[in-house]
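The next block holds one structure in the form of structure tokens; read it before the comments.
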Amino acid sequence: MNYITIGRFTLPTDLLAAFAAIFLGALVYRIRNKKSIEDWYWNSFFLYIIISKLSYVLFNFSLFLDTPFSLLYFNGGTKGQILAFAGLAVYLFLTGKKQGNGVSYKDFLPVYFTFFMIYQAALFALSQDFTAALFQAVVLAGFLLFYFKDARFTPQFALLFLLLQALVSSLFSNLLATENLLILALGIILLAYQRMNKEETQH
């Protein structure tokens, strides 16, 4: 994990990239849809952070008791990431399933791609891997061009960009790293949610 020092504070680059992605992702949604993004988006972000942070207490309870402020700097590691992504997948399933909230499963995938592509581009840039950041930015631009053209977000389109994202990870990162695998897995899960909802509406 890389860190950046801002004044007296030292922050992990992945946290900075996530904050950049969450706000830029919401801005992209607002520009494209002419409205603010729904609460599920912000709830998902904070749910992930809460589970990831609290998992540190769960898996490192004695260390937490010795130094409670360590919770600010550490999370539950690999186990915590898995729990956080699992919690996120369950939350999105229940949110899409709920009737009358104006949210459906088809809303999730475009936002998923926007957020994680911005996140990866920002993470590469903050880590000073500018070649990777440029490559990721090109993939992001291709996605946004399609997204803003109001093209139908088909499963084939989603799979294409999942494969492109896997290619970026394999070229410039470690595709088999836990975080990369979980990001791709979440995309596949959201695609499955969308297909499942389509089949239900046809019956």
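Of the conditions (1) surrounded by fewer than 13 Cβ atoms within 10 Å (Cβ to Cβ); (2) part of a helix (DSSP H, G or I); (3) modelled with pLDDT under 95, Phe23 fails just one. Which one is it?
(3)
Output yes when any residue across the stretch 39-50 is exposed (fewer than 14 other Cβ atoms within 10 Å of the Cβ) and among the acidic types (Asp, Glu), and no when none is.
Taking every residue of the stretch 39-50 in turn, at least one turns out to be exposed (fewer than 14 other Cβ atoms within 10 Å of the Cβ) and among the acidic types (Asp, Glu).
Quick grid of which residues meet (1) part of a helix (DSSP H, G or I); (2) at pLDDT below 90:
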residue: Thr5; (1), (2): no, yes
residue: Arg30; (1), (2): yes, no
residue: Ile37; (1), (2): no, no
residue: Leu54; (1), (2): yes, no
residue: Asn75; (1), (2): no, yes
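What is the one condition in (1) closer than 19 Å to Leu24 by Cα; (2) under 18 Å from the mean Cα position of the chain (by Cα); (3) at pLDDT below 95 that Leu145 does not satisfy?
(2)
For the subset of the stretch 74-100 comprising residues that are closer than 27 Å to Pro12 by Cα and touching a residue at least 60 places away in the same chain (Cβ under 8 Å), which member is surrounded by the fewest Cβ atoms within 10 Å (Cβ to Cβ)?
Thr78
Suppose the filter is modelled with pLDDT of 95 or more, under 20 Å from Phe23 (Cα atoms) and among the hydrophobic types (A, V, I, L, M, F, W, C); does Ala86 pass it?
Details: modelled with pLDDT of 95 or more: yes; under 20 Å from Phe23 (Cα atoms): no; among the hydrophobic types (A, V, I, L, M, F, W, C): yes.
Answer is no for this residue.
Among the residues of the stretch 169-180, is there at least one that is in contact (Cβ under 8 Å) with a residue 24 or more places away in the chain, within 26 Å of Trp40 (Cβ to Cβ) and aliphatic (A, V, I, L, M)?
Within the stretch 169-180 (the criterion being in contact (Cβ under 8 Å) with a residue 24 or more places away in the chain, within 26 Å of Trp40 (Cβ to Cβ) and aliphatic (A, V, I, L, M)), the answer is no, since none of the residues qualifies.
The values are calculated or read from the model by the stated rules, or taken from the named source; none is laboratory data. None of these values were measured; they are calculated from a predicted model. We place every Cβ from the backbone using ideal geometry, glycine too, and count neighbours over all the protein chains shown.
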